[in-house]
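Novice: Below you'll find the structure I mean.
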Amino acid sequence: MDKPGTVVVIGGTSEIGKRLAQRYAERGHPVVVTSRDEGRAKAAAQEVGDNCIGLSIDLSKPHEIAPALADVDDVCHLVLVAIYRDENTIRDYDIDKALSLITLKLVGYTETIHTLAPRMRRDGSIVLFGGLAKDRPYPGSTTVTTINGGVMTMIHTLAIELAPLRINAVHPAVVGDSPYWANKPAAVLDALRARTPLGELVTIEDVVGATMFLLENRGVTGVNLRVDGGWMLM
Ligand SMILES: NC(=O)c1ccc[n+]([C@@H]2O[C@H](COP(=O)([O-])OP(=O)(O)OC[C@H]3O[C@@H](n4cnc5c(N)ncnc54)[C@H](OP(=O)(O)O)[C@@H]3O)[C@@H](O)[C@H]2O)c1
């Protein structure tokens, strides 16, 4: 049997990223997780398991991405989870924060794929993280909404240019048990639940499952998958 390929999770200190890394480590894959901070990357790698290494990469500094990934090889799955939320509004606009986030998602994601694509297995796959702020903005989501729209269209060119590699995107609604949302006021979360046909917010597990489906299903490429409990239908 072929030895399992390497799984790379960019933004592997997020709960979603770490959970994904753990799933593939449990299956015997070598795993790489990243953070902006070397200490956090190494701590996350230790949590994931023996066959995991942690690398420090800041996607908002795209020229540093290729050197940081120089030793990563034989990749079967690449997952781009990283985000830095700039919490910008148009009336109170912070240019530097916006530039940092736009660079991270639109240039940093692309440069990471550019760097690793030649080192991916022919049947490899990539998942980019967007989110439903592209359709349903929230206060402070001005840049997040914009970049999620960018992810949605970026996968179309990537899926054509990089075929037979498969490229898809996952777009979660509010993930109720993720650290960013779990501590929001109950009234905010209740209002979101009330607009979700399933009556519950989606969970980290739901998003991890959807990501693994996109990574592994041989018939799926160029797809933007909503994971929202039906939120967009309301
Ligand atoms: N949580 C939700 O409800 C939700 C909803 C819709 C979409 N999403 C999407 O799901 C993904 C994960 O969200 P999350 O809430 O789990 O994220 P999170 O907990 O805020 O984690 C963000 C991750 O990105 C990394 N990161 C931050 N800035 C970076 C940079 N400049 N370069 C490289 N890595 C950087 C962080 O690592 P360090 O801090 O260690 O550097 C961390 O691993 C995001 O892409 C987000 O857009 C989430």
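What follows draws every value from the coordinates through simple rules; no lab data is involved. These numbers were taken from a predicted model, which means no experiment stands behind them. Quick reminder, even Gly has a Cβ in these numbers, built from the backbone with ideal geometry, and neighbours come from all protein chains shown.
Novice: Given the residues G17, G28, G11, which is the only one that is within 9 Å of the ligand (Cβ to nearest atom) and on the phi > 0 side of the Ramachandran plot?
Specialist: When all the criteria are applied, what remains is G11.
Novice: Within segment 62-80, which residues are over 12 Å from T6 (Cβ atoms) and touching a Lys or Arg at 6+ places or on another chain (Cβ under 9 Å)?
Specialist: L80
Novice: Does A187 fit the bill of being assigned to a helix (DSSP H, G or I), over 14 Å from the mean Cα position of the chain (by Cα) and among the hydrophobic types (A, V, I, L, M, F, W, C)?
Specialist: yes
Novice: At least 3 residues that are among the small types (G, A, S) in each: list the helices (runs of 4 or more DSSP H) lying fully within segment 1-86 that qualify.
Specialist: 15-26, 38-48
Novice: Something else: Given the criteria surrounded by fewer than 18 Cβ atoms within 10 Å (Cβ to Cβ), among the basic types (K, R) and within 11 Å of the ligand (Cβ to nearest atom), does R91 qualify?
Specialist: Spelling it out, it is not the case that R91 is surrounded by fewer than 18 Cβ atoms within 10 Å (Cβ to Cβ), among the basic types (K, R) and within 11 Å of the ligand (Cβ to nearest atom).
Novice: Continuing with the same structure: Do you know which residues across segment 166-189 are crowded, with 20+ Cβ neighbours inside 10 Å, among the aliphatic types (A, V, I, L, M) and more than 9 Å from the ligand (Cβ to nearest atom)?
Specialist: Once the filter is applied, which keeps residues that are crowded, with 20+ Cβ neighbours inside 10 Å, among the aliphatic types (A, V, I, L, M) and more than 9 Å from the ligand (Cβ to nearest atom), segment 166-189 yields I167, A169.
Novice: For segment 117-149, give me each residue that is surrounded by fewer than 22 Cβ atoms within 10 Å (Cβ to Cβ) and hydrophobic (A, V, I, L, M, F, W, C).
Specialist: Listed by number, the residues that qualify are A117, L132.
Novice: If I ask for residues that are outside any loop (DSSP other than H, G, I, E, B), free of Cβ contacts under 8 Å to residues at least 60 places away in the same chain and away from the ligand (no atom under 12 Å from the Cβ), which ones from segment 190-224 would you list?
Specialist: Answer for segment 190-224, where residues must be outside any loop (DSSP other than H, G, I, E, B), free of Cβ contacts under 8 Å to residues at least 60 places away in the same chain and away from the ligand (no atom under 12 Å from the Cβ): D190, A191, R193, A194, G209, F213.
Yes/no matrix, rows are residues, columns are (1) buried (at least 22 other Cβ atoms within 10 Å of the Cβ); (2) β-branched (V, I, T):
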site: V7; (1), (2): yes, yes
site: G17; (1), (2): yes, no
site: L20; (1), (2): yes, no
site: P30; (1), (2): no, no
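To keep it simple, each residue is scored yes or no on (1) within 18 Å of the chain's Cα centre (by Cα); (2) farther than 17 Å from T153 by Cα.
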{"site": "A66", "(1), (2)": "no, yes"}
{"site": "D71", "(1), (2)": "no, yes"}
{"site": "A82", "(1), (2)": "yes, yes"}
{"site": "R85", "(1), (2)": "yes, yes"}
{"site": "I90", "(1), (2)": "no, yes"}
{"site": "K97", "(1), (2)": "no, yes"}
{"site": "T103", "(1), (2)": "yes, no"}
{"site": "L106", "(1), (2)": "yes, no"}
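Novice: Only one of D50, D71, D96 is within 23 Å of Y180 (Cα to Cα) and out of contact with any strand residue (DSSP E or B) (no Cβ under 8 Å at 6 or more places or on another chain). Can you tell me which?
Specialist: After applying the criteria, what remains is D96.
Novice: Further question on the same structure: Hey, among the residues in segment 97-147 that are of a type in the set (G, A, S) and away from the ligand (no atom under 11 Å from the Cβ), which one's farthest from Y84 (Cα to Cα)?
Specialist: In this case the residue turns out to be G124.
Novice: Same structure, new question: Hey, does segment 6-21 have a residue that's more than 26 Å from W181 (Cα to Cα) and not aliphatic (A, V, I, L, M)?
Specialist: The answer is yes, given that some residue of segment 6-21 is more than 26 Å from W181 (Cα to Cα) and not aliphatic (A, V, I, L, M).
Novice: Further question on the same structure: Check off (1) exposed (fewer than 15 other Cβ atoms within 10 Å of the Cβ); (2) near the ligand (Cβ under 10 Å from one of its atoms); (3) under 22 Å from N168 (Cβ atoms) for R85 and give me the number that stays unchecked.
Specialist: Only one criterion is unmet by R85, namely (3).
Novice: Now, a different point. If we keep just the residues of segment 190-212 that are among the hydrophobic types (A, V, I, L, M, F, W, C) and surrounded by 14 or more Cβ atoms within 10 Å (Cβ to Cβ), which is farthest from the chain's Cα centre (by Cα)?
Specialist: Restricting to residues being among the hydrophobic types (A, V, I, L, M, F, W, C) and surrounded by 14 or more Cβ atoms within 10 Å (Cβ to Cβ), the top hit is L192.
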